[in-house]
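Novice: Please see the structure below; I have some questions.
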Amino acid sequence: MSHNMLDLSQDYSAELFLPIQNLTTLDISYNMKQSYEAKGFNYPDHAISVMWGLSILVIDMMPLPQFESGFSRLNNLKELHFQSCYLKRLENKTFQRFSSSLEVLTLRNCLLYFVNTEVDALLPNLRVIDFSGTFLHLKPALQLLNPYRYANITTKMFGRVSYPMRNSSYLPFSLTITSDIIKHLKTICVGNLDLSENGIVDYEPGSVFSFDHPECLRHLSFKGNRFVLYNMEKRDEINMFFKKAIQLKYIDYSFNAVSYNMKKSVTPNMSLLSAYASYVFLPTSLEKLDISYTVLNTVPAVWLIVPENNNLTFL
């Protein structure tokens with residue numbers, strides 16, 4: 001029922017879905033017009049809550065959403081997707097009516113407003129969190145992970161959540177990742193992590209490559225940022241990370257437009273052993289490495305060592 005003109009505030013009667021109460025998937029997204037009016041919006045729980053078998057719900061997100069008590073009856077709901085999004089504020093109470101059975105939450109491309117967030121806004125049992133393209137800045141986005149400290153999460157997508165138009169001393173677009181910014185994320189056992197296109201220009205030691213559980217990572221994306229992945233000061237930390245990341249299959253470091261000259265790290269006067277110590281050793285588990293559209297003043301990837309017993313199929 002997506003891409004129609006079914007207004008959530010008036011077109012859903014209590015009897016509408018009674019003949020199909022055992023429906024498992026409902027898509028009523030892309031029905032609401034773009035909303036510039038930031039006021040509370042009540043979702044039609046009287047209509048949707050009768051579908052006791054619903055496991056996947058795809059719906060529009062209004063600026064100030066209010067999900068009433070009827071949504072608590074959706075005990076089989078596993079996935080909640082917001083495909084058309086005008087969200088302005090994400091509060092601690094926003095999703096509190098939904099059952100703890102919910103595992104997947106996608107909130108993509110919310111660009112009408114800068115989304116203000118409260119730190120405990122997300123349900124504690126989520127396995128997949130996808131906020132790709134939502135305008136809320138990477139720093140507060142990572143603070144939302146507080147309820148998931150020491151948990152297992154399959155996927156966290158925070159690609160392109162920072163935009164140049166939102167730039168201040170507290171939320172700078174040109175962002176250096178610190179240990180404080182990453183403090184919740186680093187404790188989580190996460191399989192797929194996307195931090196692409198967020199204006200990252202640098203990272204401090206003890207931050208991006210200091211996960212408590214690097215062995216959980218399978219996919220890692222830093223695409224479209226502006227930082228040097230490697231330098232001599234962080235060599236030991238990044239090598240230790242790759243040594244422990246025994247399941248890592250895919251690294252995307254493409255489109256990082258930074259200029260880096262290896263002559264600063266490796267000079268003709270270095271001994272072979274010293275020069276060899278300057279490199280980064282990739283994990284043998286790696287199958288795909290993308291460093292396309294980066295800028296290096298030397299042979300691309302000269303600082304990377306692929307082990308002889310590797311599984312690399314794409315470079």
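The values are calculated or read from the model by the stated rules, or taken from the named source; none is laboratory data. None of the values given here were measured: they were computed from a predicted structure. As a convention, Cβ positions derive from the backbone with ideal geometry for all residues, glycine included, and neighbour counts pool all protein chains shown. For accessibility, only protein heavy atoms count, side chains too; no ligands or nucleic acids. Shrake-Rupley method; radii C 1.70, N 1.55, O 1.52, S 1.80 Å.
Novice: Given a cut-off of under 8 Å on Cα pairs at least six residues apart, what relative contact order in percent is computed for region 75-127?
Specialist: Working: 89 pairs, mean separation 25.3, N = 53.
So the answer I get is 48 percent.
Novice: Related question: In percent, how large is the relative contact order of the chain, given Cα pairs closer than 8 Å and 6 or more residues apart? Mind dumping the intermediate values first?
Specialist: On the way: 757 pairs, mean separation 28.6, N = 315.
With pairs under 8 Å counted, the relative contact order is 9 percent.
Novice: Still on this structure: Within the chain, what's the longest run with no GluC sites (Glu not before Pro) in a DSSP loop and at most 11 other beta-carbon atoms within 10 Å? Give the range, please.
Specialist: Values: sites that count: Glu15, Glu37, Glu308.
It runs 38-307.
Novice: Continuing with the same structure: Using +1 at the Cβ of each Lys and Arg and -1 at the Cβ of each Asp and Glu in the chain, identify which of Met61, His46, Ser285 lies farthest towards the dipole's positive end.
Specialist: Final value for the positive-end residue is Ser285.
Novice: Leaving out ligands, DNA and RNA but keeping every protein chain, what accessible area does Ser99 have, in Å² rounded to the nearest 10, with a 1.4 Å probe?
Specialist: It works out to around 20 Å².
Novice: Taking Lys288 as the anchor, which lysines have their alpha carbon closer than 25 Å to its alpha carbon, excluding any fewer than eight residues away along the same chain?
Specialist: Straight-line reach from Lys288, under 25 Å: Lys156, Lys186, Lys223, Lys234, Lys243, Lys244, Lys249.
Novice: Let me ask something additional. All other residues with a Cβ under 14 Å from the Cβ of Asn256 taken together, and with Lys, Arg as +1 and Asp, Glu as -1, what is their net charge?
Specialist: That sum, taken over residues with Cβ under 14 Å, equals -2.
Novice: Using only Cα atoms, tell me the angle between helix 235-244 and the longest principal axis of the chain; keep it within 0 to 90° and round to the nearest 10.
Specialist: Value to nearest ten degrees: 60.
Novice: Just one of (1) 27.1; (2) 17.7; (3) 16.6 is mean projected area of the Cα convex hull in nm² calculated from these coordinates, so which is it?
Specialist: This structure yields the entry labelled (2).
Novice: Also, quick follow-up: Heavy-atom accessible area of His213 with all protein chains present, probe 1.4 Å, nearest 10 Å²?
Specialist: 70
Novice: Something else about it: Which one, Asn231, Phe211, Leu77, is farthest towards the positive end of the dipole of the chain when Lys and Arg carry +1 and Asp and Glu -1 on their Cβ?
Specialist: Ranked along the dipole, the leading option is Asn231.
Novice: I'd like the carbon and sulfur percentage of the solvent accessible area for the chain, probe radius 1.4 Å, heavy atoms only, ligands and nucleic acids excluded.
Specialist: After summing per-atom areas, the C and S share lands at 52 percent.
Novice: What is the pair-distance distribution P(r) of region 10-64, computed from all Cα-Cα distances in 10 Å bins starting at 0, with each bin given as a whole percent?
Specialist: 22, 51, 24, 4
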